[in-house]
Amino acid sequence: MRSRSRLPELRYSFALLGLCALAGCSSAPPAAHNKIARSQVDPRYGVAPSPRVVADGEEVPRGGGYYMVGKPYQIAGKTYYPSERAYTATGLASWYGSDFHGRKTANGEVFDSASISAAHPTMPLPSYARVTNLRNHRSMIVRVNDRGPYHGGRVMDVSQRVAEALEFYRVGTARVKVDFVGRAALQGSDDAKLLATLREDGRPATLPGGAPIMVATNLRETPSRVARLERSEETPQTERASSARAEAREEESASRAEAQSVAREERAISRAEAREVQSPRRAEARAIEKEPVSTIPTPISAKAQAMAKSAPLPPSRPFDLGTASPRNLRLRQALN
């Protein structure tokens, strides 16, 4: 574990449940506790650590907190705005261990340095976030259940176990990319599931099946907040239904386009076949054109034959009219 001398800047870098009024989430503690808390407030940040509720060596309970987003709050003159909106940031991450082990977190859970957990100034609590070490590209999903860090340039504090998994435990800090994934379940331990998300191949870590959506009846929120959360619970189902409808429309459109294409092809084939279909008279004419001329029968009526037989023979004309020379007679006889 990291020694106390290595964490001078981190000891009071979290707004834990002792001062969760900064996040608008709890009632005032007893006066005696206020007196103790005021004596431990770090003047640099104006916050104090929450009380230790589990001693070293004792089993740390899992879950048991409540869902919170919180109101805007100030630490060391800087205002933070908690939000459920999508979030991505790049910066330094540090880790915190034995100094905070067994203490209450900002949403009422108990911090365990061996858990897969983290702290963030503005993400909903509890929620899931993906943390990627930009030096070695190791990535995993962590449970965000605390507030902090409030220290220049830091975007997240992670538990000792997360720092070991992402391989910056010995270095102390690492340049990371942080992505908000979604809300986490309130009860039970999710360490095994989160440890299984560790990726060492450079691909981003993901939760199997996506982040769960918390039931609104478990929230300590106003009716309006509950109504908003109930609507948000319906959002994934609505999105899935919309996606299914969109896919059905695409399939229907593709089927319609295919049917139209087939119909066009059938019409083109029909037109081509129609052009090939010919009338009997045209077919007969083409057949006659293909036959030799000598084979074509020429029908002659009986009347035409009788007229041909009764027609007079052509006259015998001498070559020279009015002459009856022996030469002409011989030619005439030869012609006749």
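Nothing in this text is a laboratory measurement; each read-out follows from the coordinates by a stated rule. Being a predicted model, the structure only gives us computed values, none of them experimental. Heads up, the Cβs are rebuilt from the backbone with ideal geometry, glycines too, and the neighbour counts pull from every protein chain shown.
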Computed label-point distance, nm, for sites R170 and A192 using a 7 Å Cα→Cβ extension: 3.1 nm
Amide H contacts under 5 Å for K71, placed H, 5+ residues apart: G24
Potential lengthening between R203 and S270 on full extension [0.36 nm per residue; Cα-Cα distance subtracted]: 18.5 nm
Label-point gap, in nm, between A86 and R135 - each point 7 angstrom along Cα→Cβ: 3.0 nm
